[in-house]
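Single-structure report; data block below.
The values are calculated or read from the model by the stated rules, or taken from the named source; none is laboratory data. Everything quoted here is computed from the prediction, not taken from an experiment. Counting neighbours? That spans all protein chains shown, and the Cβs are built from the backbone with ideal geometry, glycine included.
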Amino acid sequence: MSQSNWQALEQKLFLRTVNRTPVTLVRGQGAWVWDDQGRQYLDFVGGWAVNSLGHCPPVVVEALVKQAKTLIQTSNQFYTIPQVELAQLLIEHSCLDRVFFCNSGAEANEGAVKLARRYGKLHLNGAYEVITTYNSFHGRTLAMTAATGQRKFQETYLPLPDGFVNVEYDNVEAIKQATNNQTCAVMLEPIQGEGGVNIPGDDYLQEVQNWCRERRILFILDEIQTGIGRTGTLFAYEQYGVEPDIMTLAKGLGSGVPIGAILARENVSVFSPGDHGSTFGGNPLVCAAAYATLRYIIKNEIPKKVKRVGNYFMTRLESLKQKFDSIAEVRGQGLLIALEFNQEIAEPLVLACLGRGLLVNKVKPNALRFMPPLITTEEEVDKATGILEGALGEIRNAK
Ligand SMILES: *Cc1c(COP(=O)(O)O)cnc(C)c1O
């Protein structure tokens, strides 16, 4: 079938939830993908920060094939080995003590909020409110739409579940003012990803943590986008000198298989059997992929490489900023980087980059976001920067 036919069929068959970039991808390897016309692209979208080890990484493919031939799904009525192995690795390398596996980021956050509410019931006189921030992103379920402090996601679905208060990000006073005796937790992304790669001031997370400890409420970090090496350490919290009571993971954890996780401190691990659950959550297949991913990342010190290549990429983008007045700001940490413009040119830039063989993400009408695989090399960064430069020139000349 020709390219236009697949895309025409999609337009006819799907609920309209997304404006897709006009390319049909059929194959991937490392930081590269190919479309159904045989064209090759450097992938700096990375499945939305999911393809941590790139496309079809051999260690993960091998683990998947082996596990698929052995045992795929059992339900959580039974013990299975890949699940326990993955749990062990996560606990050993984080500040947390217990884990629950689910299938996505939104589901991990839902579970985290349920855990916080149960904690509130048992230890905080029934407190249930969770404070979150404007411009955050915590997922698409109804409760996470309420948690996500972005009006554009909320308005269509009112009334939303109760118990969420949205306040300004990077402002500890706003959290203090919103805290009352119904508050059970504060939930934050260490760096806001979907909100545009917004990096807080150096002391913000520590001050929020101190406030939570002082008020004996829970400090929840949503590391769904920032975790698993993305920002240059295995978890972003390590760089801010904080330790959450609950942390959620998903995106990069499984190299592309759907898996999410809730991690919690021992004293916060208040679920009893029956309080929460999942049919697929942590099945042997996805856990084998996530275990292979995480083990590879830890063993090969991938976060260190992310820091190096991320800094290099930022330097290259800064040099583009010298050449193009349209660039307002370069910001990022590790390989989570945004390029902000003083005009709304993200959409035409995505298309101009596509035409030149680079996939990028429009995070705002005036900003691009880069989330390439963690294994991306300096040479690939050079290639991407060259394409961006050409695309920026094309847009400037078209004006
Ligand atoms: C992507 C994302 C989510 C939602 O994850 P899904 O797997 O799409 O449900 C939640 N929080 C953050 C920070 C994210 O980046």
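Key figures for this structure:
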| item | result |
| --- | --- |
| Search result, residues across segment 209-236 that are within 16 Å of the ligand (Cβ to nearest atom) and assigned to a helix (DSSP H, G or I) | ALA236 |
| Odd one out for THR279 among (1) farther than 30 Å from VAL381 by Cβ; (2) touching a helix residue (DSSP H, G or I) at 6+ places or on another chain (Cβ under 6 Å); (3) β-branched (Val, Ile, Thr) | (2) |
| Residue in segment 77-100 that is within 16 Å of the ligand (Cβ to nearest atom) and in contact with a Phe, Trp or Tyr (Cβ under 9 Å, 6 or more places away or on another chain) present | yes |
| Per-region count, segment 86-145, residues surrounded by fewer than 20 Cβ atoms within 10 Å (Cβ to Cβ) and of a type in the set (Phe, Trp, Tyr) | 2 |
| Qualifying positions in segment 78-135 - among the hydroxyl-bearing types (Ser, Thr, Tyr) and under 26 Å from TRP48 (Cβ atoms) | SER94, SER104, THR132, THR133, TYR134 |
| Residue that is nearest to PRO365 (Cα to Cα), among those in segment 207-245 that are acidic (Asp, Glu) and free of Cβ contacts under 8 Å to residues at least 24 places away in the same chain | GLU238 |
| Answer residue from segment 237-269, given it is more than 10 Å from the ligand (Cβ to nearest atom) and in a loop (DSSP other than H, G, I, E, B) and is surrounded by the fewest Cβ atoms within 10 Å (Cβ to Cβ) among those | GLY241 |
| Positions within segment 346-361 being surrounded by fewer than 23 Cβ atoms within 10 Å (Cβ to Cβ) and β-branched (Val, Ile, Thr), in sequence order | VAL350 |
| Condition met for VAL130 (away from the ligand (no atom under 16 Å from the Cβ) and within 19 Å of ARG216 (Cβ to Cβ)) | no |
| Hits in segment 28-55 (condition: surrounded by fewer than 16 Cβ atoms within 10 Å (Cβ to Cβ) and either in contact (Cβ under 8 Å) with a residue 24 or more places away in the chain or closer than 21 Å to ALA292 by Cα (or both)) | GLN29, GLN37, ARG39, GLN40, TRP48 |
| Those residues of segment 326-338 which are over 13 Å from GLY193 (Cα atoms) and in contact (Cβ under 8 Å) with a residue 12 or more places away in the chain, in sequence order | SER326, ILE327, ALA328, VAL330 |
| Selected residue [within 16 Å of GLU189 (Cα to Cα), hydrophobic (A, V, I, L, M, F, W, C), touching a Cys at 6+ places or on another chain (Cβ under 9 Å) and within 13 Å of the ligand (Cβ to nearest atom)] from ALA108, ALA112 | ALA108 |
| Residue check, LEU64 outside the structural domain of VAL363 (by TED's automatic domain parsing), closer than 30 Å to GLU379 by Cβ, in a helix (DSSP H, G or I) and in contact with a strand residue (DSSP E or B) (Cβ under 8 Å, 6 or more places away or on another chain) | yes |
| Criterion violated by MET187 - all others in (1) within 12 Å of the ligand (Cβ to nearest atom); (2) surrounded by fewer than 23 Cβ atoms within 10 Å (Cβ to Cβ); (3) within 21 Å of VAL242 (Cβ to Cβ) satisfied | (2) |
| Selection status of GLY201, closer than 25 Å to GLU340 by Cβ and either assigned to a loop (DSSP other than H, G, I, E, B) or over 20 Å from the mean Cα position of the chain (by Cα) (or both) | yes |
| Only one of SER75, SER104 that is touching a strand residue (DSSP E or B) at 6+ places or on another chain (Cβ under 6 Å) and either modelled with pLDDT of 95 or more or assigned by TED's automatic domain parsing to the domain that holds GLU168 (or both) | SER104 |
| Where a residue in segment 179-206 is assigned by TED's automatic domain parsing to the domain that holds GLY149 and acidic (Asp, Glu) and its partner, wherever it lies, is within 14 Å of the ligand (Cβ to nearest atom) and part of a loop (DSSP other than H, G, I, E, B), with Cβ under 7 Å and at least six apart | GLU189/SER136; GLU189/GLN225; GLU189/THR226; GLU194/PHE137 |
| The listed residue being of a type in the set (Phe, Trp, Tyr), more than 26 Å from THR231 (Cα to Cα) and surrounded by fewer than 23 Cβ atoms within 10 Å (Cβ to Cβ), out of TYR169, TYR157 | TYR157 |
